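Note sheet for the following structure.
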Amino acid sequence: MAENLKYAITRDYISKGKSRPQEKNNGITFIVAHDTGNAGSTAYANRAYFAKNVVSASAHTFIDDDVILEIIPLDEKAWHVRYVVNTDNVLFNGDANDHAIGVELCWGGSITFREAYSRYVWYIAYLCDKFKLDPESDVVAHSTLDPTRRTDPQNALNRYGVTWAEFIRDVTASYHLLDGSDVIDVIPTPPPKNVLLISYGDRGDEVKRIQNYLINAGMNLQEYGADGIFGRETELAVKKFQRLYGLSEDGIVGPITLAALKKAPKRPSSQAPVRPYPGHYVMIGDRGKDVEAIQRAVNVKPDGIFGPITRDAVRSYQSRKGLLVDGIVGPKTWNVMF
Ligand SMILES: [Zn+2]
């Protein structure tokens, strides 16, 4: 991947609030590599979410196949690693939120991985140059800092066959190819497109439409019905819908959830829908709710981590059902399981 690339950086900051505390950081001494954990969610969709300032979480920069988008100035703190974890203090003598830039890779859905990855690699190399950091020792995975809760960015990288070591090699190569002009010549790209995001607290016809989709899909809104007010009941229904359809369970209706709602078959509220195929292979190294569901189906303790035991159990399941025995849950195996 050692190409001499150059990209524009878009600085489109969110306003002060829960996601942007607008506090100066304590000087940048390392970089934390993340992925959004949310297949198909673009840089601007993430910006729209954090711009609502509903969560005390954020990162400085979101990168997809189209844009490198800084939503928090690099001299400010962003909340991207839990303060209670201690690994950052041990490895880097300080908390990531106070000393590190958080960079999120967007992936999945219609995002072209190669394009997003090139930008991600280049941007992290650019940060190493900007803050006089060593790409081989000063870039750390979120999963290294918070191993009990996080799997990023390896979760995204591994899906596309990139290991952490290869990623660091790519960043290092890109870093050595930077010349002065790469880091000075940063042009803001055109202003953002509007991204629909409907969530708790919103009101109006669009909310009402969403509530009707939810009811149609069998999600109960028995207390308030389609009243046009996005309250707790609607939020819980959205989360339930997202869980059942294998979407990121954030209770927010963005383009992906909306598309799924529109396509969802009509169901009576008593009948829980079958678990739909998540849209990608589920295999060794994966984690999460889909893995738990698979583990239940193949009688493995459901810890949500797809390891060798789960793989072997999937293999025997496939052999019992006359499926191709590869230990990978693709659409065919999935549709027999669920
Ligand atoms: Zn992360």
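The values are calculated or read from the model by the stated rules, or taken from the named source; none is laboratory data. Values in this document were obtained by computation on a predicted structure and should not be read as measured data. Neighbour counts are summed over all protein chains in view; Cβ atoms, including those assigned to glycine, are modelled from backbone coordinates with ideal geometry.
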LYS18, sole failed condition from (1) out of contact with any Asp or Glu (no Cβ under 9 Å at 6 or more places or on another chain); (2) more than 14 Å from the ligand (Cβ to nearest atom); (3) within 16 Å of PRO153 (Cα to Cα): (3)
Complete set of residues in segment 245-268 that are touching a Gly at 6+ places or on another chain (Cβ under 9 Å), over 18 Å from ASN220 (Cα atoms) and surrounded by fewer than 19 Cβ atoms within 10 Å (Cβ to Cβ): PRO255
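Name the residue, out of THR29, THR36, THR42, that is within 16 Å of the ligand (Cβ to nearest atom) and either modelled with pLDDT under 90 or within 25 Å of GLN154 (Cβ to Cβ) (or both). It would help to see each step written out before you state the result.
On the way: THR29 fails: within 16 Å of the ligand (Cβ to nearest atom); THR42 fails: within 16 Å of the ligand (Cβ to nearest atom).
Exactly one of THR29, THR36, THR42 is within 16 Å of the ligand (Cβ to nearest atom) and either modelled with pLDDT under 90 or within 25 Å of GLN154 (Cβ to Cβ) (or both), namely THR36.
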In segment 73-99, residue farthest from SER248 (Cα to Cα) [restricted to those that are in contact with a strand residue (DSSP E or B) (Cβ under 8 Å, 6 or more places away or on another chain) and within 15 Å of the ligand (Cβ to nearest atom)]: ASP88
Answer from SER41, SER56 - the residue that is in the same structural domain as TYR126 (by TED's automatic domain parsing) and surrounded by fewer than 16 Cβ atoms within 10 Å (Cβ to Cβ): SER56
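Residues are listed down the side, and each one gets a yes or a no for (1) out of contact with any helix residue (DSSP H, G or I) (no Cβ under 7 Å at 6 or more places or on another chain); (2) buried (at least 19 other Cβ atoms within 10 Å of the Cβ); (3) modelled with pLDDT under 95:
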{"site": "LEU105", "(1), (2), (3)": "no, yes, no"}
{"site": "ILE111", "(1), (2), (3)": "yes, yes, yes"}
{"site": "GLU115", "(1), (2), (3)": "yes, no, yes"}
{"site": "TRP122", "(1), (2), (3)": "no, yes, yes"}
{"site": "TYR126", "(1), (2), (3)": "no, yes, yes"}
{"site": "ASP129", "(1), (2), (3)": "no, no, yes"}
{"site": "PRO135", "(1), (2), (3)": "no, yes, no"}
{"site": "VAL139", "(1), (2), (3)": "no, yes, no"}
Among the residues listed as GLN318, GLN295, GLN242, the single one being closer than 23 Å to VAL336 by Cα, in contact with a Leu (Cβ under 8 Å, 6 or more places away or on another chain) and assigned to a helix (DSSP H, G or I): GLN318
Residue under evaluation ASP65, criteria (1) within 18 Å of the chain's Cα centre (by Cα); (2) within 15 Å of the ligand (Cβ to nearest atom); (3) not aromatic (Phe, Trp, Tyr), criterion not met: (2)
Selection from segment 113-167 of residues that are under 19 Å from THR42 (Cβ atoms), more than 16 Å from the ligand (Cβ to nearest atom) and assigned to a loop (DSSP other than H, G, I, E, B): TYR160
